[in-house]
Amino acid sequence: MIPVYQPHLFGREREYVNHCLDTTWISSKGEYIARFERSFADYIGAQHATTVSNGTVAIHLALQALGVGAGDEVIVPSLTYIASVNPIIQLGATPVFVDSLEGTWQMDPADVQRKITARTRAVMAVHLYGLPCDMDALVALCQAHALLLIEDCAEAFGSRYKGQHVGTFGDIATYSFFGNKTITTGEGGMVVSNRAQVMERAYHLKTQGVSPTREYWHDVVAYNYRMTNVCAAIGLAQLEQADAILAKKRRVAAWYQEGLCGLPLCVHSEVPGTVHSFWMCSIAVDDAALRQPLRDHLRAAGIETRPLFYPSHTLPHCATRQTLPVAESLSARGLNLPSYPGLERRQVECVGAAIRGFFESGAMAVA
């Protein structure tokens, strides 16, 4: 089986983790926490960064640090992983779903404009699968309407818009380091911002609201969202390899572009002014009825795939009566191909040949 993803652990991960074990600094204190935070902030060009235990709590922490809560509306793309949406609901705010753009799969700024109301507090830009959103348009909208801008960069480490790393355009941003992300800590995340006071509040909230000057004094309902030193050690080792990992993933994406040319599908690709990190190499078939038969065909050939996310507005706990045609169409037609940096050209060619064989051998007629 060629899996959809495998982490790329070929740097100093073992050395750093063993150092944690040897020194007994295995919990949420230790030198690797600060080293990872500072190195990560420097890499993406942010002023401040704080580690957290996973990417979902990163979003929850970011929203609360900005003061988002009951009565607020947060505009968010429907086509996203549910972790973008659940924290909004958990804080008592209301997610307002917008459609996507066919050409990029990212949130549609024109639909964002249409959905702004007197209750709108923030816009959450989700850089889906590693391609940046139209940040010029979103920044302009937020400035014009005095809205907060949050960037969900869980899938977009290494992605750039007009030369600037995503996560540095808005008021606050979040990252995920789950095992299938471009760089990983196993489980983990990061909150980043250029606003010092916002980050001070985020740190206070993630550490049980404890006073920095008075032992065991807690002045707010808060959380234990801390990352362990062991996870940070893995993250630092991963970050040291970031450029090489991103280059390998771009090479895999280029092989797919070459091998799938001319087939009745579109490949999720870079657009001018962006750098796509290709967290996932994704395609959308022209005919939604062929998506599952193609997945079955690839599974039989020993190739794992994943469907695109269901649009959030169709899920039971956030269902609305609206129709978002582009998001719904992409969700029904799209799938993610094996995308890990260690893929060899022969494996990518194998996947491409299996897809081409499906369309050229009559398999789709049977489907």
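You will find that of Ala301, Ala284, Ala288, Ala319, the residue that is exposed (fewer than 14 other Cβ atoms within 10 Å of the Cβ) and of a type in the set (A, V, I, L, M, F, W, C) is Ala319 and no other.
Residue check: is Phe309 of a type in the set (Phe, Trp, Tyr) and outside any loop (DSSP other than H, G, I, E, B)? Please lay out each step first, then the result.
Numbers: of a type in the set (Phe, Trp, Tyr): yes; outside any loop (DSSP other than H, G, I, E, B): no.
Against the criterion (of a type in the set (Phe, Trp, Tyr) and outside any loop (DSSP other than H, G, I, E, B)), Phe309 does not qualify.
Only one of the numbered conditions (1) of a type in the set (A, V, I, L, M, F, W, C); (2) within 23 Å of Gln257 (Cβ to Cβ); (3) part of a helix (DSSP H, G or I) is not met by Ile283, and that is (3). Considering segment 134-166, the residues that are at negative phi, more than 16 Å from the chain's Cα centre (by Cα) and part of a loop (DSSP other than H, G, I, E, B) include one that is surrounded by the fewest Cβ atoms within 10 Å (Cβ to Cβ), namely His145.
Counting the residues of segment 29-47 that are under 29 Å from Val85 (Cα atoms) and in a loop (DSSP other than H, G, I, E, B) gives 3.
Rundown of residues vs (1) surrounded by 21 or more Cβ atoms within 10 Å (Cβ to Cβ); (2) under 20 Å from the mean Cα position of the chain (by Cα); (3) outside any loop (DSSP other than H, G, I, E, B), yes/no style:
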site	(1), (2), (3)
Tyr16	yes, no, yes
Cys20	yes, no, yes
Ser27	no, no, no
Ala49	yes, yes, yes
Leu63	yes, yes, yes
Val74	yes, yes, yes
Ile89	no, yes, yes
Glu102	no, yes, no
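Among the conditions (1) in contact (Cβ under 8 Å) with a residue 60 or more places away in the chain; (2) more than 20 Å from Phe40 (Cβ to Cβ); (3) part of a loop (DSSP other than H, G, I, E, B), Val252 misses just one, which is (3).
Give segment 210-256 a look and list any residue that's among the hydroxyl-bearing types (Ser, Thr, Tyr) and under 25 Å from Phe178 (Cβ atoms), or say none.
Step one: of segment 210-256, the residues among the hydroxyl-bearing types (Ser, Thr, Tyr) are 211, 213, 216, 223, 225, 228, 256.
Tyr223, Tyr225, Thr228, Tyr256 - these are the residues of segment 210-256 that are among the hydroxyl-bearing types (Ser, Thr, Tyr) and under 25 Å from Phe178 (Cβ atoms).
Annotation note: of Tyr43, Tyr32, Tyr5, Tyr16, the sole residue that is in contact (Cβ under 8 Å) with a residue 40 or more places away in the chain, in contact with a Cys (Cβ under 8 Å, 6 or more places away or on another chain) and of a type in the set (Phe, Trp, Tyr) is Tyr32.
Read-outs: derived from the displayed coordinates by stated rules, not from any lab. If you're wondering where the values come from, they're calculated on a predicted model, not measured in any experiment. Note: ideal-geometry Cβ built from the backbone for every residue, glycine included; neighbour counts use all protein chains shown.
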